[in-house]
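Here the structure comes first, spelled out in structure tokens, and everything after it is commentary.
The values are calculated or read from the model by the stated rules, or taken from the named source; none is laboratory data. All values derive from a computational prediction rather than experimental measurement. Cβ: placed from backbone, ideal geometry, glycine included. Neighbour counts: every protein chain shown. To get the accessible areas, we keep the full protein, side chains included, count just its heavy atoms, and leave off ligands, DNA and RNA. Shrake-Rupley method; radii C 1.70, N 1.55, O 1.52, S 1.80 Å.
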Amino acid sequence: MPPKRVRFKEDEERQVQNLHELSTDSVYGAVLLVLGCGLLASYLSTRLPAALTVADLERTPSAFIAERAWTSLKTLNDIGPKPVGSQANEVMAHEFLLKELDGIVASAHANQRIELDRQTVTGAFSTSLLNQSMTSVYRNVQNVVVRLAGENEGDGSAALLLNCHFDTVASSPGASDDAASCAVMLEVLRVLSRRPERTRHPVVFLLNGAEETMLQAAHGFVTRHPWAADVRAFLNLESSGSGGKEVLFQAGPHHPWLIEMYARAIRHPFAHTLGEEIFQLGLIPSDTDFRMFRDYGEVPGMDFAHIANGYRYHTRYDSMDFLSLEVLQRTGDNILALTRALANSDELAAEDRSVGGTVFFDFLGLAFVHYRVATGRIINASVALLALLVPLVGLARGRGRAGGFGEILREVLFGLVATVLGAVFSLISCTTIARQLDFVGKTMTWYTNTYLILGLYCCPALLAHCFVYMFLNAFYSNSKSNLTLGQMTQARLGGVNIFWGIITLASTMAGYRSGYIPMVLLVFSLASSTLNAVLNTGRTRRGWIAVHLAFQLPALLWSTNFYNVLVQLFVPITGRFGGSRNPELFISLLAATGTLLCCSYLIPFVGQLRSTMNFTAKLSAVTVLALLVACFSPLGFPYRDESMTSAPTPQRHYVTHTFRVFHDEQGLLQGTDSGYLFQEMDRNTRQTIEEFVVPGKSLTPLRQLYSCRQELFCAAPFYSLWHQMRFNNYWLPGPEPAFDNMVTMAYLGTEQLNVHTRRLTFAMDASIQSSIIIGPKEGVRLVGWSLLDHVPPPAKYAGRDGHFVFITHGLPGGTWNVTLDLQHDQPKKTGELVDIVVTTKFWEYHHMHTAEFEDLLAQFPSWAHAVPSVAVVSVFPL
């Protein structure tokens, strides 16, 4: 007979503990659960409705027909690039729209009345970019404006405005940005005009011809068109990608009734307050006509944009080859429904419309939630408090031994500390990897294959959380606790609730409405805790885990969807992020945050695993494998062209063949030079140019040129402040470009206004896109000019202050005068008043490309998208 084993109390407790341990296989199941939810969320977020064709008209005569919109899109797409001032934009696109509208008018129902106006407008306004002021001047830009009469037609009748733009940037056909939106608007007009009944309120359709030039045409409409006075709300249709779902990313501001209308009308919701806050924080390097209608028209509205496949934005790949009928159908369904709802609403014409901030979001396109900011504060605070109390109460009820509540609080604190330390060390580990990758020249390896982010950053982030738990378990866990492992984990999950509760309350108190993101996680955790408390499953081995995981499924769909959307949005943006900032750091922070968001309610189960070493070893192996693939295989190369993939991911380049002319105080020629200006669009720009385009030559940073020490704004061919001030630029000496025209700023004379003020008058000639930089010299101030009724503050570049003026011409015009009023305290001689730099910028002037310039452009690799231009810079002091 074998000897009888003596059983001690410690052995019994260990046996009870072991009953609650989880096998190592369970952790792989959790990883698969997260990945599966991510894939499902990705599918749901990209699912589009079936497109309707002309054959469906008999069955659905009042529906949006994507096939008809597709036909309009094809014509605009086939015209090619349409920069403002080009024949393609001012004649071909303009005439096509007029012809299309004539057809819509001819097919309209007899009860409908459609007015068509062709607006050619001139104006100016000041704006600010990156805390730098500039003045935007436009001359003879074109708008096509249509008014569909409503039942309540008359003087001062409230109208709804729909806006798109048909111009494009150079070198891009602009199918998504923004021809598709114009095609959608034409079809919406077609559908509404064929119905026998009118909408209650008129609908104005603005197809504007100058958006890419600092939103100029929208300003011209809202400040100078007679119909603008009737507009009470607007829908702006934009794109910063190519395809996918359109997202509502700005609304109002402070007009909750618009969100209420969206909730009632939209069939396929995709809207998030987070998008609005990201855009308003300036994290997206773009702007829309929303700004013009809001700031200059003081009209509330909604801003929609397609954000998928942002790699193709403003490139040759923004063509209808990469769009689909389903994209137009989804956008058209939503915009048609919203137009009908707004144009037939009481709120549009109401004088006492509700105001205030709104929190709004959709859940995977399946449901849409919205509430006032004040309500959101109550919801956030209540959920954060309940998410702490309910688990504690449930665990305390399940404890039959005295002193158990103190042990529960200890484990709650354990969970909170582990989550905070895990977040800190995950950020440290991810940013360390990011800096090292950038140091060895392996930047943006995830640009095309975004799944590499999972191995490069998400795995290290998860490892950091696991190691923190392992360390705390080894040195700070209470081996004498009366709690089972399962109860410990439940208490630690309460610590996770406290962490997200703090984040929720902190963001709410700071005024950020996006506190709803962690709040929703708390709602699902609260629901599982409540059900476990009701069912009293907290002491069971697996029952409480089943309840927890059941509620984690929708929570994981919620969190992984945010990860997918943010990766889809920001990874392409790093391609136009500039080279001065390390995109690896940005993406590593995004990945670490996404890992915490997705896995925080699974990480505490590490304490229940029989062994964690096997799992952490495999996570480490995945990280090493991802690093090897990223650094030493073709999969880690950032860019692709259409021959490599069906979804191209090009590298952007802007190259300007430049001729500079320097004059002395008397206006006499002092010297000239020429070369190529390269704009640094991403972290790899300089490496690409020096390796492929000009091998053996070294680019000179613009700020290091001798002219930067001598001339205003380096005498560089700046055409706007956005890219030139934000990004680094490089110079390569080269031969002179060919040009047959240029903007001239002829000095006509000086008028002495008073002892200390002189008025200089100039004649501007040539209708080409240009810019003027006016730099008063020491002791001189620009106190007035003919461009605006005020003088905005100067911008600063390379140590000099200068007033930057961006000038666009649509249709050709005649000579026009500009006056500058300069004030000085001491007498000034000629040449001591002001420095002036005039830049003429030629976009899509291919006949000006010299053989040398064409040879240089031909050296760019196939996966690069090079946008060429020619510039003439004239510098003269007065």
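The table for this structure:
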item: Hey, Met302 in contact (Cβ under 8 Å) with a residue 12 or more places away in the chain, touching a Leu at 6+ places or on another chain (Cβ under 6 Å) and assigned to a helix (DSSP H, G or I) or not; result: no
item: Scope region 118-173; condition crowded, with 22+ Cβ neighbours inside 10 Å and out of contact with any strand residue (DSSP E or B) (no Cβ under 9 Å at 6 or more places or on another chain); matching residues; result: Thr168, Pro173
item: Complete set of residues in region 202-225 that are within 20 Å of Arg294 (Cβ to Cβ) and of a type outside the set (A, V, I, L, M); result: Phe205, Asn208, Glu211, Glu212, Thr213, Gln216, His219, Gly220, Phe221, Thr223, Arg224, His225
item: Among (1) more than 24 Å from Gln568 (Cβ to Cβ); (2) in contact with a helix residue (DSSP H, G or I) (Cβ under 7 Å, 6 or more places away or on another chain); (3) open to solvent by 40 Å² or more (accessible area, probe 1.4 Å) - the single one Thr450 does not satisfy; result: (1)
item: Search result, residues across region 57-77 that are assigned to a helix (DSSP H, G or I) and open to solvent by less than 30 Å² (accessible area, probe 1.4 Å); result: Ala66, Ala69, Ser72, Leu73, Leu76, Asn77
item: Region 51-78 residues that are among the acidic types (Asp, Glu), paired with ones that are part of a helix (DSSP H, G or I) and open to solvent by 30 Å² or more (accessible area, probe 1.4 Å) (beta carbon under 6 Å, 6 or more apart); result: Glu67/Val54
item: Search result, residues across region 497-544 that are free of Cβ contacts under 8 Å to residues at least 24 places away in the same chain and not in a helix (DSSP H, G or I); result: Ala510, Gly511, Thr537, Arg542
item: Odd one out for Ser481, checked against (1) assigned to a helix (DSSP H, G or I); (2) open to solvent by less than 30 Å² (accessible area, probe 1.4 Å); (3) among the small types (Gly, Ala, Ser); result: (1)
item: Any hit, region 244-254, residues being over 18 Å from the mean Cα position of the chain (by Cα) and among the acidic types (Asp, Glu); result: no
item: Residues that are within 25 Å of Arg542 (Cβ to Cβ), open to solvent by 20 Å² or more (accessible area, probe 1.4 Å) and out of contact with any Leu (no Cβ under 7 Å at 6 or more places or on another chain), drawn from region 484-515; result: Leu485
item: Near pairs, Cβ below 6 angstrom, 6+ apart or cross-chain, from region 569-593 (under 18 Å from Leu456 (Cβ atoms)) to any residue that is open to solvent by 10 Å² or more (accessible area, probe 1.4 Å) and among the basic types (Lys, Arg); result: Pro583/Arg683
item: Criterion violated by Gly667 - all others in (1) touching a strand residue (DSSP E or B) at 6+ places or on another chain (Cβ under 8 Å); (2) on the phi < 0 side of the Ramachandran plot; (3) in contact (Cβ under 8 Å) with a residue 40 or more places away in the chain satisfied; result: (2)
item: Arg340 being modelled with pLDDT of 95 or more and not in a helix (DSSP H, G or I); result: no
item: For Thr375: the one exception among (1) touching a residue at least 24 places away in the same chain (Cβ under 8 Å); (2) under 30 Å from Ile259 (Cα atoms); result: (1)
item: Residue in region 413-422 that is aromatic (Phe, Trp, Tyr) and over 22 Å from Leu556 (Cα atoms) present; result: yes
item: Residue among Leu456, Leu531 that is crowded, with 20+ Cβ neighbours inside 10 Å and either at pLDDT 95 or above or of a type outside the set (Gly, Ala, Ser) (or both); result: Leu456
item: Checking Ile114 against (1) open to solvent by less than 40 Å² (accessible area, probe 1.4 Å); (2) closer than 21 Å to Ser767 by Cα; (3) β-branched (Val, Ile, Thr), the condition it does not meet; result: (2)
item: Complete set of residues in region 355-372 that are open to solvent by less than 40 Å² (accessible area, probe 1.4 Å) and out of contact with any Lys or Arg (no Cβ under 9 Å at 6 or more places or on another chain); result: Phe361, Asp362, Leu364, Tyr371
item: Residue identified as over 21 Å from Ala229 (Cα atoms) and either buried (at least 23 other Cβ atoms within 10 Å of the Cβ) or among the polar types (S, T, N, Q) (or both) among Phe279, Phe249; result: Phe249
item: Single residue of region 296-323 satisfying the filter (among the acidic types (Asp, Glu) and surrounded by 24 or more Cβ atoms within 10 Å (Cβ to Cβ)) that is farthest from Ala647 (Cα to Cα); result: Asp303
item: Answer residue from region 424-467, given it is over 23 Å from the mean Cα position of the chain (by Cα) and outside any helix (DSSP H, G or I) and is farthest from Met644 (Cα to Cα) among those; result: Val440
item: Selected residue [farther than 30 Å from Tyr317 by Cβ and either modelled with pLDDT of 95 or more or in a strand (DSSP E or B) (or both)] from Lys829, Lys796; result: Lys796
item: Residue tally, condition open to solvent by less than 20 Å² (accessible area, probe 1.4 Å) and closer than 24 Å to Pro83 by Cβ, over region 217-239; result: 10
item: Scope region 151-187; condition modelled with pLDDT of 95 or more and closer than 13 Å to Ile114 by Cβ; matching residues; result: Leu186
item: Filtered residues of region 739-750 (kept if part of a loop (DSSP other than H, G, I, E, B) and open to solvent by 60 Å² or more (accessible area, probe 1.4 Å)); result: Phe739, Asp740, Asn741
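Yes/no per residue for (1) surrounded by fewer than 16 Cβ atoms within 10 Å (Cβ to Cβ); (2) touching a helix residue (DSSP H, G or I) at 6+ places or on another chain (Cβ under 8 Å); (3) basic (Lys, Arg); (4) under 29 Å from Val141 (Cβ atoms):
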{"residue": "Gln752", "(1), (2), (3), (4)": "yes, no, no, no"}
{"residue": "Leu760", "(1), (2), (3), (4)": "no, no, no, yes"}
{"residue": "Ala766", "(1), (2), (3), (4)": "yes, no, no, yes"}
{"residue": "Ile774", "(1), (2), (3), (4)": "no, no, no, yes"}
{"residue": "Glu778", "(1), (2), (3), (4)": "yes, no, no, no"}
{"residue": "Leu787", "(1), (2), (3), (4)": "no, no, no, yes"}
{"residue": "Val791", "(1), (2), (3), (4)": "no, no, no, yes"}
